[in-house]
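A.B. asks: Here you go, one structure.
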Amino acid sequence: MDSARCDTRVGLCLYPSMSVWTVGDHMLPWLSQANHIISCVSDQCDCEDYAIVKQIIFQLTISEPSNALPEGYLFLCPAKDFQVGPNLFRWPDCPAYWSLDPSGTNRLTLEDARNAGFPSFDMMTGIQVISWDESVYAGTRQVHEAKGYDPHSQDVARHLGHPLYQLSTEMGLDELFAHVDDEELVFITDGEAQQQSDWDTCDRELSD
């Protein structure tokens with residue numbers, strides 16, 4: 001079993017989380033062709049509205065126990081369970097559960113866990129993005145022009161061997177943005193959440 005196990009007799013972290021870092025894979029490819037994409041979308045736009053995902057955070061919040069925790073074990077699913085495709089991440093069906101046996105074979109239902117005195121779970125999904133203002137895109141255009149490239153083309157990205165981005169409308173998709181399932185999201189631009197209070201926690205509990 002790849003799950004992580006927490007023994008309530010030892011201590012319990014109330015905010016276990018899993019992060020996915022993506023900025024290193026997309027920053028240079030984006031900047032090499034951003035002016036092309038932006039010009040295809042609109043002649044007049046706020047460049048800071050365009051951003052790439054820097055980090056995705058899946059955080060499980062465990063309710064503060066009002067009484068002493070009963071003896072038992074909290075099992076957290078492995079990080080690989082969050083990835084369901086090459087670039088697709090979501091909450092797994094069972095990210096965490098309580099059990100009375102150290103092997104975790106016999107899972108407690110949420111109702112049984114509550115009746116036994118174990119705290120409930122809430123799930124929060126956060127996305128940290130990074131964006132640039134017009135001065136960065138203007139500087140990029142000047143550099144591309146100085147090198148003899150059309151700044152509104154994808155020639156630089158093609159020359160550097162970067163993947164070529166397409167608009168969702170060119171790919172036959174109806175929606176311009178990535179689809180989000182049930183979770184509420186927290187967007188943090190050019191900054192990291194340092195404390196729990198920086199996040200808007202969604203009011204969603206795990207269900208059986």
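A.B. asks: Using 0.36 nm per residue, how much length does the chain from residue 87 to residue 120 gain when fully extended, once their Cα-Cα distance is taken away?
C.D. replies: Gain on stretching residue 87 to residue 120: 8.9 nm.
A.B. asks: Okay, moving on. Between residue 167 and residue 111, what FRET efficiency follows from the Cβ-Cβ distance if R0 is 45 Å, with the result rounded to 0.05?
C.D. replies: Once rounded, the FRET efficiency stands at 0.45.
A.B. asks: Something else about it: Read phi for every residue in segment 25-37 and hand back ³J(HN,Hα) as whole Hz from Karplus 6.51 cos²θ - 1.76 cosθ + 1.60, θ = phi - 60°, with x for Gly and Pro.
C.D. replies: My calculation for segment 25-37 gives 8, 10, 5, 5, x, 5, 5, 6, 9, 4, 5, 5, 5 Hz in order.
A.B. asks: Right, another one. Residue by residue through segment 91-108, which ³J(HN,Hα) values in whole Hz follow from phi under the Karplus form 6.51 cos²θ - 1.76 cosθ + 1.60 (θ = phi - 60°), with glycine and proline marked x?
C.D. replies: My calculation for segment 91-108 gives 5, x, 4, 9, x, 7, 7, 9, 8, 8, 10, x, 7, x, 5, 9, 7, 8 Hz in order.
A.B. asks: Let me ask another. Sort 47-55, 116-124, 98-106 by the packing proxy (mean of other Cβ within 10 Å over each peptide's residues), most packed first.
C.D. replies: Per-residue Cβ counts within 10 Å, averaged per peptide and sorted highest first, yield 116-124, 47-55, 98-106.
A.B. asks: At 7 Å along Cα-to-Cβ for each site, give me the label-to-label distance between residue 101 and residue 46 in nm.
C.D. replies: So the two model labels end up 5.7 nm from each other.
A.B. asks: Using packing as a proxy for protection, rank 83-94, 144-155, 29-40 so that the peptide with the highest average count of other Cβ atoms within 10 Å comes first.
C.D. replies: 29-40, 144-155, 83-94
Where a number appears in this text, it was derived from the coordinates with a stated rule and is not lab data. Nothing here was measured: the structure is a model prediction, and the numbers come from that model. Note that each Cβ is placed from the backbone with ideal geometry, even for glycine, and that neighbours are counted across all protein chains shown.
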